[in-house]
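To start, the structure itself, in structure tokens.
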Amino acid sequence: MPQITYRTALNQALAEEIQRDENVFLIGEEVAEYNGAYKVTEGLWERFGSKRVVDAPISEAGFVGLAVGASMLGLRPVVEMMFWSFAYVAWDQIVNNAGCVRYMSGGLINVPLVIRGPANGGTNVGATHSHTPENFLANTPGLKVVCPATAYDAKGLLKSAIRDNDPVMFMENTLLYGQTWEVPEEEYLVPIGRADLKREGADLSFIAHGRAAITCLKAAEILEEKHGIHAEVLDLRSIRPLDEDAILASVRKTHRAVVVEENKPFCGVGAQIASILGEKAFDDLDAPILRVSAMDAPAIYCPALELEQLPNAQRVVDRALQIC
Amino acid sequence: METAVAQSEFASADINLRLTPDDKIRILRDMYRVRRFEQISLKFYNQGKMGGFLHLYTGQESVAVGICSLLGEHDHVITAYRDHGHALAVGMSMDECMAELYGKATGCSKGKGGSMHFFAPDKNYWGGHGIVAGQTPLGLGLAYALKYKGLKGCALAFLGDGAVNQGVYHESLNLAGLWDIPAIFVIENNRYSMGTSLARSSAFKNNLAERADGYEIDWELINGSDLYEIRAKTWTAMARAHEHSRPAVLEIDTYRYYGHSVADANAKKYRSTEEIEEYKNNHDPLRLYRRRLIAEGVLDDATADRLDEEAKHEAAEAAKFADDSPFPNASDIVADVYWEVDNDTERGRTGKHFFND
Ligand SMILES: Cc1ncc(C[n+]2csc(CCOP(=O)(O)OP(=O)(O)O)c2C)c(N)n1
Ligand SMILES: [Mg+2]
């Protein structure tokens, strides 16, 4: 199986879906002639032309709204946010329009829209460019939220997102763009709403999404090598819909849970999962549910400290040892 | 005193010459329907039959009815929260609209949208939007989709004189001008945004539409009390959108008789009773159009009165229908959130979508 980068996997997904369905088009800042700020869309404009790959001026609210309107009439826009942080100027369009128009129309309208781009800290660009809004958006019934951690998942989930008939908020990670994973050459889809057990273990469950799942894999290795503890890593892959069955199955097996995310702790995804576990797996738990999140402050610039602010393998290991 | 009917130089515009007497009567009837629908809804709002806000369109009927009388197969409409007039003008029934106000399952949005959120995609009517100017890029997107699909049509996005100061409206204008999108932005300038007059909300030289110059977009000013002028000038913009895929901004001078919403406690504080009376007496689009049709010999007073009576009757019947209709069930609260769940697809069955228990 070929090894390709997370970036290439996304690029392939976009190309395949543009080719498959004439209603799919890509719109965003610098996505066409410039080949994408992070080169995710490289070569697509040359291949598919200006109708299918559209350079937009810096008007996130305007072109997200445009995409919502166009999707109501049956197009399937894929909007690139140069950074998900910039979606904050389009919040009204995302939450009020994409998120609510189906409901307020009593189900007469649907919005087959994807908004995608990087949502991560860790690149020394300061607080305004490091937001991770998956918890905010998952708090809006009507929206779906997907956070792939590997190239394989990124490709399969993006293709599913584009085929989904509801608005999907697709959150990538610039720190993963250049990393490689095995990805099959033949076409495949990864369903939205199904978690992936990325490592099996009997002693402890790490429940994570996005790059935090990769961090957990490293932490699980350290735990095994240095402490003889067998942790399993459940990668949620999507936040909403959420694979609650997989979460419960894992914790019922290991009886210990650490929920890890790069988001901030307050009302984060981990809070929701801890609540589910507290309610539905109370009797299965042998220890309190612990969480590891980004340290609770705006993202710091300082390159020497920023990666400390995010969950890293050592911090995850230390947390796990508190209950093992 | 009934003055002589002012001539409209727009009566002889081609698009108006094409109107048959029946067409003209239908337009008058539709204006009566909007007015009487709202009158009845106000009555029952005051009796506590509905909740929330009720933004009445009374005084502005010629705008929605005049413009919607021009719509063809691929022409689309979207507006803000003052949306009853547009809804009826595109052909929605009074029953489904009144039932929506009552929050009933038989409402156009099954009681999930309310007064500000009427929808009828089958009639090219895309709402009904509660966030000021939030609908403007959606209108742009509808027009974008038409162009993308190669369909000859346009999208008319209505907004208020207060909405023109929202950033997203300007983003929409820029994109429409830049990309030749057949979107027509119709500013219904009723001179107030809630209690704030035009002079207190907008920096402008002459008018609000003129801002379109900054985006290379054609614009036009329209007297909203002249139905023929509304039709003629809007049609020019629509024809340009159809033939050349160019956007437009139309600013229509109009007036609302009631407060911003029925709950507007200051309705009489930020403007004088004289100002309101002046509009009602001298610029009321319904009265003026009725008089014009009588002068044209299209109908007589008795027929016009009958149209009015029929509209009242239809509205009263709609209120009965709404009253008799059931509320949605509690289980309906979580329906119509995700298309995939509603349609019970594999995708809709994968993962947990709702977190209620
Ligand atoms: C973003 C936003 N801000 C404020 C409001 C509250 N609000 C509703 S209507 C309105 C006035 C808008 O006036 P205008 O655009 O002139 O439309 P009109 O009511 O006259 O039809 C305000 C301030 C809102 N709904 N949305
Ligand atoms: Mg106004």
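The values are calculated or read from the model by the stated rules, or taken from the named source; none is laboratory data. Just so it is clear, the model here is predicted, and its values are computed rather than measured. Every residue, glycine among them, receives a Cβ derived from its backbone with ideal geometry; neighbour counts consider all protein chains shown. Remember, those area values only see protein heavy atoms, side chains included, never the ligands or the DNA or RNA. Shrake-Rupley method; radii C 1.70, N 1.55, O 1.52, S 1.80 Å.
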For residues that are in contact with an Asp or Glu (Cβ under 8 Å, 6 or more places away or on another chain) and surrounded by 20 or more Cβ atoms within 10 Å (Cβ to Cβ), tally how many sit in region B:286-302.
1
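Is there a residue in region B:131-138 that is closer than 19 Å to B:F37 by Cβ and not β-branched (V, I, T)? Steps first, please.
Going through region B:131-138, the residues closer than 19 Å to B:F37 by Cβ turn out to be none.
Looking for residues that are closer than 19 Å to B:F37 by Cβ and not β-branched (V, I, T), one finds none in region B:131-138, hence no.
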Looking at (1) in contact with a helix residue (DSSP H, G or I) (Cβ under 9 Å, 6 or more places away or on another chain); (2) touching a residue at least 12 places away in the same chain (Cβ under 8 Å); (3) open to solvent by 30 Å² or more (accessible area, probe 1.4 Å), which one does B:R349 not meet, given that it meets all the others?
(2)
Taking region B:186-236 as the region of interest, how many residues are within 14 Å of ligand 2 (Cβ to nearest atom), over 27 Å from B:L175 (Cα atoms) and open to solvent by less than 10 Å² (accessible area, probe 1.4 Å)?
1
3 or more residues more than 25 Å from B:M194 (Cβ to Cβ) and touching a residue at least 24 places away in the same chain (Cβ under 8 Å): qualifying helices (runs of 4 or more DSSP H) within region B:61-112:
B:94-101
When A:I207 is evaluated against the numbered criteria (1) farther than 17 Å from A:N120 by Cα; (2) free of Cβ contacts under 8 Å to residues at least 60 places away in the same chain; (3) open to solvent by less than 10 Å² (accessible area, probe 1.4 Å), which criterion, by number, is the only one it fails?
(2)
Could you go through region B:119-127 and let me know if any residue there is outside any helix (DSSP H, G or I) and within 14 Å of ligand 1 (Cβ to nearest atom).
yes
Taking interchain pairs and intrachain pairs at least six residues apart, which have beta carbon atoms under 6 angstrom, with the first residue in region B:158-185 and within 15 Å of B:L250 (Cα to Cα) and away from ligand 1 (no atom under 16 Å from the Cβ) and the second open to solvent by 10 Å² or more (accessible area, probe 1.4 Å) and in a helix (DSSP H, G or I)?
B:G177/B:Y215
What number of residues within region B:134-162 are closer than 16 Å to A:N97 by Cβ, at the interface with another protein chain (Cβ under 7 Å from one of its Cβ atoms) and away from ligand 2 (no atom under 16 Å from the Cβ)?
8
Checking the structure you have, find out if any residue of region A:187-202 is within 30 Å of A:E22 (Cβ to Cβ) and away from every other protein chain (no Cβ under 14 Å).
yes
Does region A:104-126 include one or more residues that are at the interface with chain B (Cβ under 8 Å from one of its Cβ atoms) and in a helix (DSSP H, G or I)?
yes
Failed criterion for A:N120 (all others in (1) under 13 Å from the mean Cα position of the chain (by Cα); (2) under 21 Å from A:L189 (Cβ atoms) hold):
(2)
Within region B:54-91, how many residues turn out to be within 16 Å of ligand 2 (Cβ to nearest atom), within 14 Å of chain A (Cβ to nearest Cβ) and more than 22 Å from B:K43 (Cβ to Cβ)?
2
With in contact with a helix residue (DSSP H, G or I) (Cβ under 7 Å, 6 or more places away or on another chain) and under 30 Å from B:K110 (Cα atoms) as the only criterion, which of A:G69, A:G99 stands out?
A:G69
Which ones in region B:163-183 are within 23 Å of B:M194 (Cα to Cα) and either more than 16 Å from ligand 2 (Cβ to nearest atom) or surrounded by fewer than 24 Cβ atoms within 10 Å (Cβ to Cβ) (or both)?
B:A163, B:N165, B:Q166, B:G167, B:V168, B:H170
When the residues of region A:127-143 are filtered to those that are open to solvent by less than 30 Å² (accessible area, probe 1.4 Å) and closer than 17 Å to A:K264 by Cβ, which remaining residue is farthest from the other protein chains (Cβ to nearest Cβ)?
A:S130
Taking region A:49-76 and keeping residues within 19 Å of A:P118 (Cβ to Cβ) and more than 8 Å from chain B (Cβ to nearest Cβ) leaves A:V53, A:D55, A:I58, A:E60
Residue hits (region B:116-133; surrounded by fewer than 24 Cβ atoms within 10 Å (Cβ to Cβ), facing another protein chain (nearest Cβ under 7 Å) and touching a residue at least 12 places away in the same chain (Cβ under 8 Å)) are B:H117
Quick check: anything in region A:50-62 in a strand (DSSP E or B) and open to solvent by 30 Å² or more (accessible area, probe 1.4 Å)?
yes
Go through region A:229-258 residue by residue and tally those that are in a helix (DSSP H, G or I) and in contact with a His (Cβ under 9 Å, 6 or more places away or on another chain).
1
Would you check which residues across region B:1-19 are part of a loop (DSSP other than H, G, I, E, B) and open to solvent by less than 60 Å² (accessible area, probe 1.4 Å) and list them?
B:V5, B:S8, B:F10, B:A11, B:A13, B:L19
Take residues that are not assigned by TED's automatic domain parsing to the domain that holds A:P112 and tell me which of the helices (runs of 4 or more DSSP H) falling wholly in region A:133-228 contain 3 or more.
A:211-227
The condition of being outside any strand (DSSP E or B) and surrounded by fewer than 19 Cβ atoms within 10 Å (Cβ to Cβ) holds, among A:E42, A:E17, only for A:E42
Would you confirm whether any residue within region B:40-56 is more than 19 Å from B:L307 (Cα to Cα), among the charged types (D, E, K, R) and open to solvent by 40 Å² or more (accessible area, probe 1.4 Å)?
yes
For region B:324-345, name all the residues that are of a type in the set (A, V, I, L, M, F, W, C), farther than 17 Å from A:N165 by Cβ and touching a residue at least 12 places away in the same chain (Cβ under 8 Å).
B:F327, B:V334
